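Worksheet: the structure to be examined is printed underneath.
The values are calculated or read from the model by the stated rules, or taken from the named source; none is laboratory data. This structure is a prediction, so every number in the text was calculated from the model and none was measured. Note: ideal-geometry Cβ built from the backbone for every residue, glycine included; neighbour counts use all protein chains shown. Side chains included, ligands, DNA and RNA excluded: accessible areas come from the protein's heavy atoms. Shrake-Rupley method; radii C 1.70, N 1.55, O 1.52, S 1.80 Å.
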Amino acid sequence: MSRIGNNPIAIPEGVTVEVKDALVTVKGKLGELTQDFSGVDVKVEEGKVLVTRPSDSKEHKAKHGLYRALFSNMIKGVSQGWTKELELVGVGYRASNQGQKLDLALGFSHNIIMDIAPEVKIETVSEKGKNPIVKLTSHDKQLVGQVAAKIRGFRKPEPYKGKGIKFVGEQLRRKAGKSA
């Protein structure tokens, strides 16, 4: 039994949810998102979205929780938005942005210049004595996560000194160095 799938999703003020055929469209103040679905039934009743499954087969149970979580993320995204923060840890690591271009200095021979999708707002914070932070904000949770993972992939944190690009608040597994 999917416990997540059985929870109704409350629709906040200013958000509209439409279900047509096998497509859910969510509109809000921050944007519009669409998601197709299969294997579940979706109804909008009294300011709530209900996701039900036709049978107790393994496939229907899996999709029940999945689509409920996706629709919940869409509704939260168009009303509040999603934010990911990345921290650059290392001597000489710098980040700056000009519009939708992110310029990263990560210890390679050349800077990495990355074009960010227009749906994602990017902001870089560089304070003296602190590690640079890159903030990504959008209404689409999947897109923010994908962009953040791509940026993190340029220089993943290493386990000995912790240098690299990590998420703010991420706990790294550290290793002891050579024993003398």
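Pairs please, first residue from the range 51-68 and surrounded by fewer than 11 Cβ atoms within 10 Å (Cβ to Cβ), second anywhere and part of a helix (DSSP H, G or I), Cβ atoms under 7 Å, 6+ apart in sequence or on different chains.
Listed by first residue and then by second, the contacts come to Pro54/His60.
Within the range 9-50, take every residue that is hydroxyl-bearing (Ser, Thr, Tyr) and part of a strand (DSSP E or B) and give me the one that is surrounded by the most Cβ atoms within 10 Å (Cβ to Cβ). Walk me through it before giving the result.
Of the residues in the range 9-50, the ones hydroxyl-bearing (Ser, Thr, Tyr) are 16, 25, 34, 38.
Checking which are part of a strand (DSSP E or B) leaves us with 16, 25, 34.
Numbers: Thr16: 12, Thr25: 14, Thr34: 12.
Here the residue is Thr25.
Of these, Glu85, Glu123, Glu119, which one is open to solvent by 30 Å² or more (accessible area, probe 1.4 Å), on the phi < 0 side of the Ramachandran plot and in contact with a helix residue (DSSP H, G or I) (Cβ under 7 Å, 6 or more places away or on another chain)?
Details: Glu85 fails: in contact with a helix residue (DSSP H, G or I) (Cβ under 7 Å, 6 or more places away or on another chain); Glu123 fails: in contact with a helix residue (DSSP H, G or I) (Cβ under 7 Å, 6 or more places away or on another chain).
The unique qualifying residue is Glu119.
Checking Val91 against (1) farther than 30 Å from Gly164 by Cα; (2) assigned to a loop (DSSP other than H, G, I, E, B): exactly one of these is not met. Which one?
It fails just one condition, (1).
Condition check: within 24 Å of Pro118 (Cβ to Cβ) and modelled with pLDDT of 90 or more. Does Lys29 satisfy that? Show your work before the answer.
Numbers: within 24 Å of Pro118 (Cβ to Cβ): yes; modelled with pLDDT of 90 or more: yes.
Criteria met by Lys29.
Those residues that are of a type outside the set (Lys, Arg) and surrounded by 17 or more Cβ atoms within 10 Å (Cβ to Cβ), I need them from the range 132-163; list them, please.
Let us first name the residues in the range 132-163 that are of a type outside the set (Lys, Arg), namely 132-134, 136-140, 142-149, 151, 153-154, 157-160, 162.
Correct list: Pro132, Val134, Leu136, Ser138, His139, Asp140, Leu143, Val144, Val147, Ala148, Ile151, Pro157.
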